[in-house]
Each structure stands twice: as structure tokens, then as C-alpha cells.
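Working notes for the structure below.
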Amino acid sequence: MQKLNELLANETIEEAAWKALEKSIIYYKGRPVGTVAAFDVSVEALNYDQCFVRDFVSSALIFLIKGRTDIVRNFLEETLKLQPKERQLDAYKPGRGLIPASFKVVTDNGEEYLEADFGEHAIARVTPVDSCLWWIILLRAYVVATKDVSLAYQPEFQTGIRLIMEICLANRFDMYPTLLVPDGACMIDRRLGIYGHPLELQVLFYAALRAAREMLICQGNQDVVEAIDNRLPLLCAHIRQHYWIDINRLNAIYRFKSEEYGKTAVNLFNIYVDSIPYYELDKWLPKKGGYLAGNVGPSQLDTRFFALGNLMAIISDLATEEQSQAIMTLIEDRWEDLVGDMPMKICYPALEHEEYRIVTGCDPKNIPWSYHNAGSWPVLMWMLAAASVKTGKPYLAGKALEIAQGRLLEDEWPEYYDGKKGRLIGKQARKYQTWTIAGFLLAGELMKDSSHLSLVSFDKLPSELVSRACEFEIRSVDASVSL
């Protein structure tokens, strides 16, 4: 590690980042197929020597921008082969259509093969929900970058997309258009009170539906296409209305009545007024700012700000133009809280005191203002940059990049930072974390050329789909929020 640091001493941060990214590439049978999560030789690898689907997205996007499309194509092809194709009734086997959380190259008697982890080896045995969604989003990004739809149109890819859509759209124990998922099923892969309908997964679900709708060939998949067309506007309307928080919405919730029954109910989710931290929110919310709540469900309104969900809602066009501007106004006005000394907080505020102990189970890694409990994650910088450019506020991305440039190389590209301002290198953070490196490079490329947003952004919903949402009556005190 010391030799590597000496080699990088006289290089620009971009050159150093690219060298570190190249070093992270995994090869399988002589072909590049992904990147390791981290290349920190100073600590035990655990599963950081594997390629995680969610982690690779940042690397894949920067490779696509630079014309390195082979590694992305190889990744998509190999991970698709790992997708289970048969129905399983065994509780300890991955369900049909799942994309693994991660994989690694294993050599046995001179033969190489890929070993997938669907969560059966993970800490707390967490099965990922977001891997399937990110995989479809990345496949669509590959098609956009290469202008080559033939990969997505291959029968095995059409089947892979269909199987993922069946997982998301099939019969379920739920009556919402959102996905019902357990705690730890996404980037926040430890217990943090996000079970139910967490924002991050709903936004990725929306983006995956949009991507699948573009790539599925109707012949043989018409039922799935129709299901997507039915779900998309309902999901969009649900998130925009029921997850939205600004001062006007807060005033309406403040006067909610509970235990309402029937079609005339206003408090649809039976939110108990005393469960909302009104006085803290009243002080923290700017007059023109707002954001999407972390979770909405039965008697649940999680008012924490979750960065990935809000930023991806802007990028994917799930949030309205007015909501997107309000989210960025909030970030700008509460910069010290949400960005501070390292872009940016994964969520805000942290769970503290008795709430931390109860919700996290006294998780020693998720102590207040650390790791997923309001730690600062540099990988989110590319999403902040994309959202800033998309909303016409590139100066925010520039400000964030300037902060990162002053620290990341010297700090050896940590996974995350701790503290209310992000001044401390994460207590258990790996160094040379690949998505930290890729996130920095990707943020810079998005600032240089806004056309790269097309890789992860979508047009507005077609008018015929919007009209379907209007047929579905959603009673809400702020039903004026437009589609």
C-alpha cells in the first residue's frame, strides 16, 4: 500500500483514481467481468474481494462513458447466467429470477467458475432486492450508451427481464403499488428500521419498470408489458403524493385525525400525529424546500431524509419538476447537515440514544453518525452531481467535487466517513473502495457533459399512462400534486 501511495504522489487525483479503478477489475477466463468492492490489503477481505451488483453500477457507468463497454457487457452476461431459472419451494434456495448480491471467481483444479452469493453468506443472511433492479437499469444504460439493442433483445435477456418483473409484479400480500420488502434489502443492508416500503427501493423499482418497458419485446411478453403499464402511473402517483414532505404537507399531517374508516378517509395510512417530530422538522424544513419521506406504510411515516432515494427520484424523473427543485433547495439550504465536509449523508438525522438501541439492536457498526446511520458516503457524489446538473444547479456539484478532491486521495478512498460533518474516516471503512473511486470519476464526467444523464434518466411518462393514474382515485389532502 505504501508503494502504491508513493507512485500516486505526483499524479493528479483523476489519474490516481483511474489507476486504482483499473487495479480493481476482476477477470474471469481472461475477460473483465466486474470490479471488486474494495482493494484494501491492510485488512481481512471478507466479501469485499467480490463484485457486488449495486457497487459495480458506478464503475459500469464510468466505463460506458469512456467506451469500455466490453466489461459491462461481460458483467451483464455472466450475472444473467447466475440468475435462477427454476421455481423453488425450498426456503434456503434463491427464488426464480433473483440476481445475486455479489459473485467471485473461484478456481478449482485449474478450472474457473463464478460463485454467487444471494445473501446466504452475508452478515445477517440478507437477500438483496435492489440487485435485480440495478441490473435492469444497467442493462438499459448499456443499450443507451452503445445504441446496440441486440443484447437486450436476445431471448435469454428477454427471459431474464421477464423473470425479474414477475418477482416485482406477481401476486403478493400487499395492496399498495409499492414493493413490500424486509430491512437490509438495499444499500442499507443492516437493520435500520427501513422494512416496509422504503423510498430507495421504490425509486429503483420505478426506474427498473421504465427500463424494462423500453426493452421488452411485446411478442410473448405482452402480459408483463400490460402489468408494467398498469403499475407505473400508480406507483408514480403514490410516491409523489404520499411520500412528499414540505411545510404545507407537514401542516396537513399535523391536523390529521386517526382511526378513520372507509372511502372518505383522509389519513389513509392511519399516521399517528404524535409519532412525527414536528418541531424539529418545522425548524429544519426551508420554506421552499421539501423531500420524499423515507418510508410510508401502516401507521408509518419515516421523516428521515434518505439521499439515494431522493437523488435517484430526481435523476429518474419520478419526482415532479417542482419536487426536484424543492429537494435541491433543501440540500443547498441544509448543506452543512447533508453534505458537510464530505458528500454526502446517506440519511439524516441519525438514530440516537434509546431509538438507536431499539431500532438497530445496538449495532456497533451503525452507531449514531456512522456507517448507514447517517454516515457520509462519497459514492453518492455522482448522484448528487447528476441531480444538480439535471435541475440546473451544477454549482452544487462543483462545490461537492471541490470538497472531495481535497480529501479522497489523501485519505486513500475510504468507503464512508463518520461524524456529523463527515470529518472522520469511517471507523471500519475499507480503503480503496471501488465505488468511492468510480463515484468521484463519474461525478466529474457528468459535470463535463450533461448528455451522459441519458444513461440513467428517462422522459416524462407517456400521457396515456398518466391518464390511467387519474382513473385510480387517490384521496389525499395534497392531491393537487401533479403528475
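The values are calculated or read from the model by the stated rules, or taken from the named source; none is laboratory data. A quick note: this is a predicted structure, and the numbers were derived from the prediction, not measured. Please note: Cβ atoms are built from the backbone with ideal geometry, for glycine as well, and neighbour counts cover all protein chains shown. The accessibility values were calculated without ligands, DNA or RNA, using every heavy atom of the protein model including side chains. Shrake-Rupley method; radii C 1.70, N 1.55, O 1.52, S 1.80 Å.
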query: Cα atoms only, region 125-165: Rg and Dmax in Å?
result: 11.4, 38
- prompt: Taking Cα pairs under 8 Å and at least six residues apart, what relative contact order does region 137-199 come out at, in percent?
  reply: 18 percent
- prompt: If you keep only loop residues by DSSP, which chymotrypsin sites (Phe, Trp or Tyr not before Pro) in region 215-285 have at most 10 other Cβ atoms within 10 Å of their Cβ?
  reply: Y261
Cβ-placed point charges (K, R +1; D, E -1), dipole of region 240-380 about Cα centre in debye, nearest 20: 280 debye
message: On a 27 Å Cα-Cα criterion, which of the cross-link pairs K288/K431; K93/K345; K345/K431; K66/K393; K66/K365; K23/K427 come out too long?
response: K288/K431; K93/K345; K66/K365
message: Given an 8 Å cut-off on Cα distances and at least 6 residues of separation, report the relative contact order of the chain as a percent.
response: 16 percent
query: Regarding region 51-165, what whole-number volume in Å³ per residue does the convex hull of its Cα atoms give?
result: 118 Å³
task: Output the Kirkwood hydrodynamic radius of the chain, Cα pairs only, in Å rounded to one decimal.
output: 22.9 Å
message: Students often get this wrong: which residues of region 412-446 have the backbone nitrogen under 20 Å from the point 7 angstrom along Cα-to-C-beta of R68?
response: 412-415, 431-446
Potential lengthening between A45 and S450 on full extension [0.36 nm per residue; Cα-Cα distance subtracted]: 142.2 nm
field: Difference of contour (0.36 nm per residue) and Cα-Cα distance, H121 to K81
entry: 12.4 nm
task: May I have the convex hull volume per residue, in Å³, for the Cα set of region 355-428?
output: 95 Å³
message: Tell me the per residue accessible area of region 190-320 using a 1.4 Å probe; a whole number in Å² is fine.
response: 39 Å²
message: Just to be sure I understand the model, the point goes 7 Å from the Cα along the line to the Cβ. What's the resulting D223 to K288 distance in nm?
response: 5.1 nm
query: What are the radius of gyration and Dmax of region 1-120, computed over its Cα atoms and given in Å?
result: 16.3, 57
field: Cα-projected label distance for Y278 with Y92, points at 7 Å along beta-carbon direction, nm
entry: 5.2 nm
- prompt: At a 1.4 Å probe, what is the % contribution of carbon and sulfur to the accessible area of the chain?
  reply: 52 percent
- prompt: Given 0.36 nm per residue, what is the gain on full extension from K23 to S299 after removing their alpha carbon distance, in nm?
  reply: 94.6 nm
statement: Those GluC sites (Glu not before Pro) from region 343-382 that are DSSP loop and have at most 13 other Cβ neighbours within 10 Å turn out to be E352
query: Points 7 angstrom from Cα along the Cβ direction at E11 and W335: gap in nanometres?
result: 3.1 nm
statement: For region 255-393, averaging the sequence separation of alpha carbon pairs under 8 Å that lie six or more residues apart and dividing by its residue count, the contact order in percent is 21 percent
